[in-house]
Each structure stands twice: as structure tokens, then as C-alpha cells.
Amino acid sequence: MHTKKHLKPRGITILLIKSTGIMRFVPLIAIDLAALGLILLSAFGRMDSDSILSDLLLISQIFFPLFSVWWVIFILWGLIDADGSELIFTVCRKSLLRYILPPFLIMLANVSAITAVCAVILPAFAVEFLRILSACVLYFGIAYFACVVTKLTSVSLFLLILYTLASAICRSHEIVFPFYMSQTLIDGETAVKLCLPLFAAGILLCAAGRLAEKRLRTNIR
């Protein structure tokens, strides 16, 4: 084991940064830079509002929900797939939700802030917040439920990507639940008809995952 006297100044600096826990925010910073870069590239690279709106819709519908659960996937991998983590998953009495809900809420607040930037660039985009919020909750429910049932984050990630691709393929058609993407802004009526079922589905998946988790630990004990 290396001690401080055996480390170079650069190694000591890296060690101190890791000890503060700041490394856990690296996914958050990376997501912010990627999303803001795409948004600003669209805003300054396009001249007409229709093109900007089309780009913002595409970016927000495809990337924002995935961004909201990216940190969650990393944490679930550490709790379920990493070497020796089986004990944490099977013996620990605390639910996985205890570990993944706080980072998800942080990411949700982060996505909300990025959506606000989009609304500043194009005010008509503000109504899209409801669609993005409900989609993020659904993605979280899928990630949690799939990990509890399969005990594999790779399956969870595969389902999320598959659902995103399926929604993107149906993007040019009329919105039909459980898909949420479209090439146009949603109005108030569509928001209620679309967002409430998406939000409810996400909550139900979380509840189902919690019940499955309790049953698993009960059977083990």
C-alpha cells in the first residue's frame, strides 16, 4: 500500500480529490457538458426557430431520460454486478432504493435545469418539462425493476436502450402509450393524457421492484 511519502505530488492530489467524494459527481458533470454542448451547438448553428425546436425536441426526448438514470445504473452495477456485491444485495436489509433514489433526484433536478435553459432559448419549449419529467420517472422504474428481477444491470441498460430506440422509431407517428416521443410540442391536453400514464407506470414499476426485493430477502432468510 502506498503512503503519502511514497506518492508524487500529483498522486497525493488525486488521492485527496477521491477522498472528498467529488468523483461521484463526474457523471453529472459529464452529462451537463454533453447536453449543454449539444443545445448551444443547435442554438447558435441554426437560424430559424423551427429547426432549433426540432433539435431541442430530439435532444431532450432521447438523451435527457437516459441521462437521468445514467448515474443510477453505475450505482446499481456497484451494488449488484461488482465482485463481492452479492452480499450487499442479498443480505443487506436496506432497499436498493435507499442508494439510488437520492442520485436520481439530483439528476432529475439537473435535467430540470437543462430544460430551463432550453426554455430560455425557445420559450415554447417550457411545456415539454412535463413530458421529460414523466419519461425520467418511467426510465427510473424500468432500471430499478429490471435490476431487482434479473440481478443484472446489463439487462436493465439493454431494456432502456431498446425502449428508447422503439420510441424514436415511432417518433414520426401519433403518440401512443407507452411511447412518448414526437416531432412536435405537446399541448396541455396531450400532456395530461401522456404524462400521467408514464408517471404512474414508473411508480408502479418501483413498487413492483420493492415488493420483489422484499420477497427475495424473505426467501433468503
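The values are calculated or read from the model by the stated rules, or taken from the named source; none is laboratory data. Since we're looking at a predicted model, the values are computed, not measured. FYI the Cβ positions are ideal-geometry reconstructions off the backbone, even for glycines, and counts take in every protein chain you see.
Selection within segment 34-65: residues that are more than 14 Å from C118 (Cα to Cα) and exposed (fewer than 12 other Cβ atoms within 10 Å of the Cβ). The member of this set that is modelled with the highest pLDDT is D48.
Listed by first and then second residue, the pairs linking a residue in segment 58-70 that is within 17 Å of L157 (Cβ to Cβ) to a residue that is of a type in the set (A, V, I, L, M) and part of a helix (DSSP H, G or I), with Cβ atoms under 6 Å apart and 6 or more places separating them unless they lie on different chains, are F64/V111; F64/I132; P65/A135; F67/I31; S68/M107; S68/L108; S68/V111; V69/A143. Here Y180 fulfils each of the conditions (1) farther than 21 Å from I52 by Cα; (2) surrounded by 17 or more Cβ atoms within 10 Å (Cβ to Cβ) apart from (1).
Residues that are exposed (fewer than 14 other Cβ atoms within 10 Å of the Cβ), without any contact (Cβ under 8 Å) to a residue 40 or more places away in the chain and closer than 26 Å to C147 by Cα within segment 183-213 comprise A207, L211, listed in sequence order.
With respect to A126, is the statement that it is at pLDDT 85 or above and touching a helix residue (DSSP H, G or I) at 6+ places or on another chain (Cβ under 7 Å) true?
In short, no.
Of all residues in segment 50-68, those being touching a Leu at 6+ places or on another chain (Cβ under 9 Å) and of a type in the set (S, T, Y) number 1. Looking only at segment 134-176, which residues are within 15 Å of W71 (Cβ to Cβ) and among the small types (G, A, S)? Within segment 134-176, A143, S156 meet the criteria. For segment 91-148, a tally of residues being among the small types (G, A, S) and more than 24 Å from L194 (Cα to Cα) returns 1. For segment 92-104, the criterion of a residue being crowded, with 19+ Cβ neighbours inside 10 Å, modelled with pLDDT of 85 or more and closer than 23 Å to M181 by Cβ is satisfied by at least one position.
Suppose we filter F179, F145 for residues that are of a type outside the set (S, T, Y) and in contact with a Gly (Cβ under 7 Å, 6 or more places away or on another chain); which single one remains?
On the way: F179 fails: in contact with a Gly (Cβ under 7 Å, 6 or more places away or on another chain).
Going through F179, F145 in turn, the sole match is F145.
There is at least one residue in segment 177-198 that is of a type in the set (A, V, I, L, M), part of a helix (DSSP H, G or I) and out of contact with any helix residue (DSSP H, G or I) (no Cβ under 7 Å at 6 or more places or on another chain).
Scan segment 135-157 and tell me whether some residue there is under 16 Å from the mean Cα position of the chain (by Cα), surrounded by 13 or more Cβ atoms within 10 Å (Cβ to Cβ) and assigned to a loop (DSSP other than H, G, I, E, B). Checked segment 135-157: no residue is under 16 Å from the mean Cα position of the chain (by Cα), surrounded by 13 or more Cβ atoms within 10 Å (Cβ to Cβ) and assigned to a loop (DSSP other than H, G, I, E, B).
Among the residues of this structure, I80 counts as one that is modelled with pLDDT under 85, in a helix (DSSP H, G or I) and of a type outside the set (S, T, Y).
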